[in-house]
Amino acid sequence: MKRKALIIFCDNTESGFLSGPSVDNTNLRNYLTSYCGGDWYDKEIESLHNPTIQKVRNAINLMTNTDYSFVVFSGHGWINTDEDNTQYLEVADGDISINELITDADRQTILIDACRGFLSPLMESFEKGLSGAVRTYSSTTSTRTLFNSLVLKAEEGISVMYSASENESSVDSKKGGAYIYSVIAVCRNWFINNKTANYLTIKNAHDLAIPFMKTKFITKQKPVMTTEKRMRYFPFAVKFNQS
């Protein structure tokens, strides 16, 4: 199975500096290349720091002939009420629609850690306002094959994970975005403490991250996922258990 990941992290765009995105990039790369994250190869992951719109488009175009794509955005964002509440993301030279993060892979996960406030560009003139590697955990066998098999068992389609509901802001911190930090944390906890299951799906990780986030951050944001009539979700954490 051919897999590719793209992490877009924007900490210095028009709406101002953010301390979390660079931490998110580091944490995500460490997590994905760990056994818990599915043992991705470094060469399968591309990170874009404050890219232009064209650089994002070029990176998405290069993710062709891929069975599974995982695209993450960390930075400022907003919802365009003039385009049926489409999520937009702020990069170096403007804004890009979430629709442009869709690859041609049959199976895809998109994770957005950004604000989701409502804005109407046509109605008003506005100024947008919007650690350590897990590989140290003991394991003797790569989890790549397990991760691949679980991806392929899931139905084709696109799953989207949002750090907040519509018209909500997302917490940024020195630990990273509250949502991304929490998703990784609950997966690490599961990897250490779980003794029976072999995987945690993106839906499991999302559901566990919500109460965890409330204990670690002062926030009222309510993360959501796109509604899908899906029997099997893509994996987010994997491990080998004896039982």
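The values are calculated or read from the model by the stated rules, or taken from the named source; none is laboratory data. No experiment lies behind these values; they were computed from the predicted model shown. Cβ: placed from backbone, ideal geometry, glycine included. Neighbour counts: every protein chain shown. The accessibility values were calculated without ligands, DNA or RNA, using every heavy atom of the protein model including side chains. Shrake-Rupley method; radii C 1.70, N 1.55, O 1.52, S 1.80 Å.
How do ASP207, ASP11, ASP84 rank by accessible surface area computed with a 1.4 Å probe, from largest to smallest?
Reading off the accessible areas and sorting them downward yields ASP84, ASP207, ASP11.
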Charge tally in the Cβ shell below 9 Å around GLU168, where Lys, Arg are +1 and Asp, Glu are -1, GLU168 excluded: +2
Residue-by-residue Karplus 3J(HN,Hα) for region 198-215, coefficients 6.51, -1.76, 1.60, Hz, glycine and proline x: 9, 7, 10, 7, 4, 5, 4, 4, 4, 5, 6, 5, 4, x, 4, 4, 5, 7
Accessible area of THR215 in the full protein assembly, 1.4 Å probe (Å², nearest 10): 100
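Can you check what the Kirkwood hydrodynamic radius comes to for region 188-243, Cα pairs only, in Å to one decimal?
12.9
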Solvent-accessible area per residue, Å², over the chain with all protein chains present [probe radius 1.4 Å]: 45
Most to least accessible of LEU48, LEU152 (protein chains only, probe 1.4 Å): LEU152, LEU48
Alpha-carbon centroids, region 44-59 and region 152-177: separation in whole Å: 19
Largest-first ordering by accessible area, 1.4 Å probe, given options ILE7, ILE53, ILE218: ILE218, ILE53, ILE7
The chain, accessible surface, carbon-and-sulfur percent (1.4 angstrom probe): 51
MET1 - accessible surface, heavy atoms, 1.4 Å probe, Å² rounded to 10: 70
P(r) histogram, all alpha-carbon pairs of the chain included - 5 Å bins from 0, percent: 1, 7, 14, 19, 21, 18, 11, 5, 2, 1, 0, 0
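Find, among the trypsin sites (Lys or Arg not before Pro) in region 183-243, those assigned to loop by DSSP (not H, G, I, E, B) with at most 16 other beta-carbon atoms within 10 angstrom. If you can, show how the numbers build up before the last one.
On the way: sites: ARG188, LYS195, LYS203, LYS214, LYS216, LYS220, LYS229, ARG230, ARG232, LYS239; in loops: LYS195, LYS220, LYS229, ARG230, ARG232, LYS239.
Answer in residue order: LYS195, LYS220, LYS229, ARG230, ARG232.
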Estimated [θ] at 222 nm from DSSP helical runs (n ≥ 4, -39500 (n - 2.57)) normalised by residues in the chain, nearest 500: -8000 deg cm²/dmol
SER19 accessible area, assembled protein chains, probe 1.4 Å, Å²: 40
At R0 = 22 Å, FRET efficiency that the Cβ-Cβ distance of GLU83 and ILE53 yields, to 0.05: 0.85
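If you filter region 13-98 for chymotrypsin sites (Phe, Trp or Tyr not before Pro), then keep DSSP loop positions with at most 13 other Cβ within 10 Å, what is left?
In loop regions of region 13-98 (DSSP not H, G, I, E or B), the sparsely surrounded chymotrypsin sites (Phe, Trp or Tyr not before Pro) are TYR41.
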Partner lysines for LYS216 [C-alpha distance under 16 Å; skip if fewer than 8 residues away on the same chain]: LYS174, LYS175
